[in-house]
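One structure is given here, and the rest of the page talks about it.
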Amino acid sequence: MRPLPFQSGKTVTDTPNLKASAIAHANIAVAKYWGKRNNEINLPYTDSIAFNVDALVTETTACWNDDDFRDGLVINGWEVPAQNIGRLQRILDAIRQKTGLTQRCILHSKNNFNLATGLASSASGCAAAALAASKAAGLDLNESELSSLARLGSGSAARSIPDGWTRWHAGTREDGSDSYAVSIAPPNHWPLHVFVVQVSDTPKSISSTDAMRKCQDSPFWQTYLNETKDAADIAQNAIVQRDFAALTAAMHHNTMLLHALAMTCQPPILFLAPKSLELIQHILRSSQAMQVCCTLDAGANVVILCEEVCWPFVKNDIIALGLPYIQTHIGHGARLI
Ligand code: PMV
């Protein structure tokens, strides 16, 4: 009998042997990944530095089985149309290639935060999927192999595999085998407070991949590349030495370079919303008097870092603007559950 297409409501307990669950955290970049030297396997031009965010979590269960004729994805109970699982498809195909498995994989994923709003949901999603699906397929990959596998889904997902503060080495090889992330410091290395401020809950109008491609046509693309070539080294030194002033300078400069570059595309790409700007102005002012800094990835939401003694002041600023937020810490890497 011909196998039935993937049916919603199917549980992942159907084939218990090829099943595993993992969690991963979203990560926010201090020195950003922006621009791909290879679009197929997400190879960046430059190294990048990020931290995992404890409170932003994706939990994924992967189950390989013979019953379905195509891979499937269910996010927060909603079945995602097959044509939209593109990013994860590359991860699942790579696992089939490594193992010789012929089965299809169904991924059930739960996110505790909004998707596609510039809060790195694809990073935590692809990292959790890479770990769960590879384990369920019987693979025991080491951290760099897992990071490379997660990278196939979404570049920044490479950094959601290792612990705490991470560095993604761009690598130079064409096959991407030296392009993976490593931990540069554990979460407890620097007990900073993290505020994730939700300025917008509407999905962004352009994907990071499309925005990166457009940015390469900006008249400032080459300037951007020159200006950011040492960004990862500078950010890593600041983090390793727990030098907040250096972290602030590195993070603010890197964030503004990316957003300025995006604004010079034709047509312009504007990730910022009015409330993002208002909050950034508050933080820039406050950062002259206390240890607080902020960044945005490719979206309107703002992520703030501050030293322990400053958090009540930062919280007041956010509340004064009437914005919803999550107060959290630096998080761990991906793990099986
Ligand atoms: O991994 P992607 O394709 O979602 O790209 C992420 C790009 C930024 O979030 C803007 C920067 C970064 O380093 O995470």
Requested in this report: May I ask you to verify whether Gly35 is more than 9 Å from the ligand (Cβ to nearest atom) and modelled with pLDDT of 95 or more?
Outcome: yes
Query - Tabulated pairs, region 249-263, first modelled with pLDDT of 95 or more, second in a helix (DSSP H, G or I) and basic (Lys, Arg), C-beta under 9 angstrom, 6+ apart or interchain - result: Ala262/Lys214
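Would you mind finding the one in Arg151, Arg87 that is among the basic types (Lys, Arg), modelled with pLDDT under 95 and within 16 Å of the ligand (Cβ to nearest atom)?
Values: Arg151 fails: modelled with pLDDT under 95.
Arg87 is the lone residue from the list that is among the basic types (Lys, Arg), modelled with pLDDT under 95 and within 16 Å of the ligand (Cβ to nearest atom).
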Query raised in the report: Tally time: how many residues in region 156-181 are within 15 Å of the ligand (Cβ to nearest atom) and of a type outside the set (Phe, Trp, Tyr)?
Result: 14
Requested in this report: Could you tell me which numbered condition Tyr45 fails, if it satisfies all but one of (1) within 16 Å of the ligand (Cβ to nearest atom); (2) free of Cβ contacts under 8 Å to residues at least 40 places away in the same chain?
Outcome: (2)
**Report entry** Selection status of Ile239, outside any loop (DSSP other than H, G, I, E, B), closer than 25 Å to Leu56 by Cα and not acidic (Asp, Glu)
**Finding:** yes
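For region 165-178, which residues satisfy the criterion of being of a type outside the set (Asp, Glu) and over 15 Å from Ala123 (Cβ atoms)? Spell out the reasoning first.
Looking only at region 165-178, we keep the residues that are of a type outside the set (Asp, Glu), and these are 165-173, 176-177.
Passing the criteria: His169, Ala170, Gly171, Thr172, Arg173, Gly176, Ser177.
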Requested in this report: Kindly list the number of the only condition in (1) crowded, with 20+ Cβ neighbours inside 10 Å; (2) farther than 23 Å from Ser121 by Cα that fails for Ile330.
Outcome: (2)
Query raised in the report: Among the residues of region 272-294, how many are closer than 23 Å to Ala232 by Cβ and surrounded by 22 or more Cβ atoms within 10 Å (Cβ to Cβ)?
Result: 4
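The values are calculated or read from the model by the stated rules, or taken from the named source; none is laboratory data. Note that the coordinates shown come from a computational prediction; the quantities given were computed from them, not determined experimentally. Virtual Cβ from ideal backbone geometry, glycine too; neighbours counted across all protein chains shown.
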